[in-house]
Amino acid sequence: MAEATKHATLTVNGTSYDLPVMSPSAGPDVIDIRKLYAQAQMFTYDPGFTSTASCDSHITFIDGDKGELQHRGYPIDQLAGKSHFLEVCYLLLYGELPGATALEEFETIVTRHTMIHEQMMYFFRGFRRDAHPMAVMTGVVGAMSAFYHDSTDITDEHQREVASFRLIAKMPTIAAMAYKFTVGQPFVYPRNDLDYASNFLRMCFAVPAEDYVVNPILSRAMDRIFTLHADHEQNASTSTVRLASSSGANPFACIAAGIACLWGPAHGGANQACLEMLREIGSVDRIPEFIARAKDKNDPFRLMGFGHRVYKNTDPRATVLKQSADEVLELLGVEDNPLLQIAKELERVALSDPYFIEKKLFPNVDFYSGIILEAMGFPTSMFTPIFAVSRTVGWISQWKEMITDPQMKIGRPRQLYLGETARDYVDIENR
Ligand code: SDX
C-alpha cells in the first residue's frame with residue numbers, strides 16, 4: 001500500500017479535515033478519503049467514477065492524455081510487436097516476462113486445459129439457436145462453478161491457480177462452441193498441436209467435412225487482437241469482477257459477471273455496434289448525415305468505436321490494430337472492402353470535425369477490431385465474445401491481485417439520497 005507523501009485540507013462549514021495524499025509510481029496523486037465519513041459525516045459524490053480510484057494496482061497503467069498503455073511497465077505497442085498472447089498472460093498474472101522454460105511450462109498447462117467437461121455440452125442444447133453468443137458464454141462460464149468444485153475456494157492459492165488456468169484455457173473453447181451452436185455446426189475439439197490463436201480459429205471454422213488450415217497471418221492477427229484486449233486497468237467489466245469477487249463469490253461466477261458487463265455497447269459490445277453502424281451508414285456519401293446525428297444533443301446516436309473515458313489523445317491499441325487491419329484485408333484481397341472504405345472515410349471526417357476534436361473523440365480499440373474480425377469471417381455477434389476471451393486474463397489477474405490484498409473488503413458504495421423522507425403508511429381506503 002502506498003504511503004501518504006503529502007496532505008490535502010478540506011474545509012467545510014469552518015471545519016478543516018486533513019486528508020492524506022498518496023503518490024503513485026505513475027499517474028496522478030490520489031486523495032485518501034477512507035476516513036472522511038468518520039471525520040466529517042460526509043460522502044464524496046462521483047457517479048461513473050470519473051475522478052475515483054477504486055483500488056491500488058500493479059498490473060496496467062494508462063496515460064489517457066499521452067495515449068499510453070503499459071502492462072507491468074511494458075508499452076502495448078512493444079508487446080503487440082514482439083510478444084504473443086500467452087506470454088502477455090504470464091506477464092499480467094505474475095508480473096514479469098517469463099524465461100523460456102517458464103513460458104513453455106505455462107503454455108503446456110494452458111494447452112492441456114482447453115477441453116471442457118464433456119457433460120457441459122448439454123448446457124448449449126438448452127439455448128435457442130438464435131441466442132446471442134454472449135448470452136451463451138455468460139451462462140456456460142457461470143455454470144463452470146457447477147463442474148469445477150475443486151477450484152472454487154478463493155482462500156486456497158492452489159485452487160486460485162487452477163481456476164485461473166481453467167478459465168484462460170477454456171474460454172476459447174466455450175466461445176467457439178457458442179459460435180458453432182448458433183450456426184448449427186458440430187463442436188470442434190481443441191488440438192494440442194496448435195497455438196492458442198490457431199486453435200481458436202480452427203475450433204470456429206473447421207467442419208467435419210473439411211478441416212481448416214490456419215493461415216499464419218490470420219492467426220498472428222488473431223493473437224494480436226487477443227494481446228491488445230487483455231487488460232485495461234479498472235474498466236467497467238474489470239470493476240464488475242472486482243466488486244463481485246469482493247463478496248467472496250467463486251471465480252467462475254465473477255468472470256460470468258464480467259462477461260455480462262462487457263456485453264454492453266458502451267463497452268465491449270462497441271465492436272459489434274460499430275460494424276452494425278457502418279452497415280447502417282451503407283455508403284460514404286451518407287457519412288455527413290451520421291456525423292450530424294452524433295453531434296445532435298437531441299439524438300441519442302453516438303459514433304460507435306469512437307471516444308473513450310480515459311484516452312483523450314489516441315487509443316494506442318487502435319493504432320496497432322489499424323496496421324493489422326491493412327495487413328489482413330490485403331492478405332484476404334478485400335482491401336477495397338466497402339465497410340473499410342466507409343470506416344476510413346468516417347475516421348478522416350470525424351478527426352477533422354471541430355466537434356470531435358474539441359471533445360477529443362477518435363477511434364478506439366473497437367473501431368478497427370470489428371473490421372479485422374469481419375474480414376476474418378466472424379459474424380458481428382462473435383466480436384464481443386472474442387473480446388471476452390482476451391479480457392479473461394485481465395479479469396483474472398485483477399481478481400487475484402484483489403483477493404490477495406490484505407486490505408481487501410467487500411465493496412459497498414454509499415449514495416446521495418434524494419427520495420421521500422420518512423412518512424407513515426396510508427391505508428388503502430385513505431389513498
Ligand atoms: C471500451 O474503460 C475502458 O477501458 C473500456 C475499454 C477496455 O479496454 O476495457 O477501452 C473498451 O469500452 C472502449 C469504448 C467502446 N465504446 C464505444 O465505442 C461506444 C461509443 N463511445 C461512447 O459511448 C463514449 O465515448 C464512451 C462510453 C466510450 C466514453 O464515454 P464518457 O467518457 O462517459 O464520455 P461522455 O459520455 O461523458 O462523453 C463526453 C462528451 C459528451 O458530450 P457532452 O455531453 O459533453 O456535450 O462526448 C460526447 C458525449 O455526448 N461523446 C460522443 C461519443 N462519445 C462521447 N459523441 C458522439 N459519439 C461518441 N462516440
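Accessible surface computed residue by residue for the chain, with neighbouring protein chains in place and a 1.4 Å probe, gives 49 Å² per residue. Can you tell me the 0 to 90 degree angle between the C-alpha axis of helix 338-352 and the longest principal axis of the chain, rounded to 10? Computed tilt is about 30 degrees.
Please identify every one of the trypsin sites (Lys or Arg not before Pro) in the range 94-196 that sits in a loop by DSSP and has no more than 10 other beta carbons within 10 Å of its own beta carbon.
ARG128, ARG129
In a fully extended conformation the segment linking ASP65 and SER247 would gain 62.1 nm over its present Cα-Cα distance, using 0.36 nm per residue. Fully extending the segment from GLU210 to ARG286 would add 23.3 nm, taking 0.36 nm per residue of separation and subtracting the current Cα-Cα distance. Pairs from the list LYS180/LYS295; LYS170/LYS312; LYS295/LYS344; LYS82/LYS359 with a Cα-Cα gap above 29 Å: LYS180/LYS295; LYS170/LYS312; LYS82/LYS359.
Ratio of Rg to Rh for the chain, alpha carbon only, Kirkwood?
With Rg and the Kirkwood Rh in hand, the quotient comes to 1.00.
Would you work out if the range 352-431 is rounded, prolate or oblate? Take a ≥ b ≥ c from the square roots of the eigenvalues of the alpha-carbon gyration tensor; rounded if a/c is under 1.5, else prolate when a/b is larger than b/c, oblate otherwise. Note, shape of the range 352-431 comes out prolate.
When the range 81-137 is described by a simple charge dipole with +1 on each Lys and Arg Cβ and -1 on each Asp and Glu Cβ, the residue from GLN119, ALA135, LEU91 located farthest towards its positive end is ALA135.
In percent, what relative contact order does the chain have, based on Cα pairs under 8 Å that are 6 or more apart in sequence? Computed value for the chain: 19 percent relative contact order.
At a Förster distance of 35 Å, what's the computed FRET efficiency of ASN192 paired with HIS149, Cβ-Cβ distance as r, to 0.05?
Details: r = 25 Å, r/R0 = 0.73.
The calculated FRET efficiency here is 0.85.
What a 1.4 Å probe finds exposed on the range 285-403 is 52% carbon and sulfur by accessible area, rounded to a whole percent.
ILE410 sits among other residues whose Cβ lies under 15 Å from its own Cβ, and their net charge, with Lys and Arg +1 and Asp and Glu -1, is +4.
Could you tell me which of rounded, prolate or oblate describes the range 251-340, using a ≥ b ≥ c as the square roots of the eigenvalues of the alpha-carbon gyration tensor, with rounded for a/c under 1.5 and, failing that, prolate when a/b is larger than b/c and oblate otherwise? Because a/c hits 1.5 or more and a/b fails to exceed b/c, the range 251-340 counts as oblate. With 0.36 nm allotted per residue and the present C-alpha distance subtracted, the ARG414-ASP336 stretch has 22.8 nm of extension available. Quick one: go through the range 1-38 and flag any residue whose amide nitrogen is under 19 Å from the point 7 Å out along the Cα-to-Cβ line of ASP405. Counting backbone N atoms under 19 Å from the label point, the list is 1-5, 20-37.
Among ILE174, ILE371, ILE217, which one shows the highest mean-square fluctuation when the chain is modelled as a Gaussian network with alpha-carbon springs under 10 Å? Between ILE174, ILE371, ILE217, it is ILE217 that shows the largest mean-square fluctuation.
I'd like the projected area of the range 81-213, averaged over all directions, using the convex hull of its alpha carbons. Report it in nm² with one decimal.
9.3
Sorted largest first by accessible area at a 1.4 angstrom probe radius, with every protein chain in place, the residues HIS232, HIS132 fall in the order HIS132, HIS232. Hey, for a label at LYS82 modelled as a point 7 Å past Cα toward Cβ, could you say which residues of the range 97-114 have their backbone N under 13 Å away? Residues 97-98 fall inside that zone.
Apply the a/c threshold of 1.5 to the C-alpha gyration tensor of the range 289-330 and tell me whether it is rounded, prolate or oblate. Kindly include the intermediate steps, with their values, before the conclusion.
On the way: a/c = 4.20, a/b = 1.75, b/c = 2.40.
Verdict is oblate for the range 289-330.
Between THR11, THR155, THR380, the GNM of the chain built on Cα springs shorter than 10 angstrom shows THR11 fluctuating the most. The simple spin-label model puts a point 7 Å past each Cα toward its Cβ; for MET121 and TYR94 those points are separated by 3.5 nm.
Along the range 24-37 the Karplus relation, 6.51 cos²θ - 1.76 cosθ + 1.60 evaluated at θ = phi - 60°, assigns HN-Hα couplings of x, 6, 7, x, x, 5, 10, 8, 7, 9, 4, 9, 4, 5 Hz to successive residues, with x for each Gly and Pro. When the Cα convex hull of the range 280-431 is projected onto planes of every orientation, the mean area is 16.6 nm².
Our coupling estimate for the range 141-154, obtained by passing each phi through the Karplus curve with A = 6.51, B = -1.76, C = 1.60 and θ = phi - 60°, is 5, x, 6, 4, 6, 8, 10, 10, 4, 7, 9, 10, 8, 6 Hz, Gly and Pro reported as x. If you run the Gaussian network model on the chain, springs between alpha carbon atoms under 10 Å, then out of ALA294, ALA175, ALA236 the most flexible one is ALA294. Computed from label points 7 Å out along Cα-Cβ, the spacing between LYS35 and ALA422 is 3.1 nm. Sorting SER151, SER57 by solvent-accessible area of protein heavy atoms yields SER57, SER151, largest first, with a 1.4 Å probe. Each of MET22 and ASP156 was given a label point 7 Å from its Cα along the Cα-to-Cβ line. The distance between the two points is 3.2 nm. For the chain, a crude dipole built from +1 on the beta carbon of Lys and Arg and -1 on the beta carbon of Asp and Glu, taken about the Cα centre, is about 680 debye to the nearest 20.
The values are calculated or read from the model by the stated rules, or taken from the named source; none is laboratory data. Computed from a prediction, not measured in an experiment: that's the story for all the values here. Backbone-built Cβ (ideal geometry, glycine too); neighbour counts: all protein chains shown. SASA here: full protein model, heavy atoms, side chains in, ligands and nucleic acids out. Shrake-Rupley method; radii C 1.70, N 1.55, O 1.52, S 1.80 Å.
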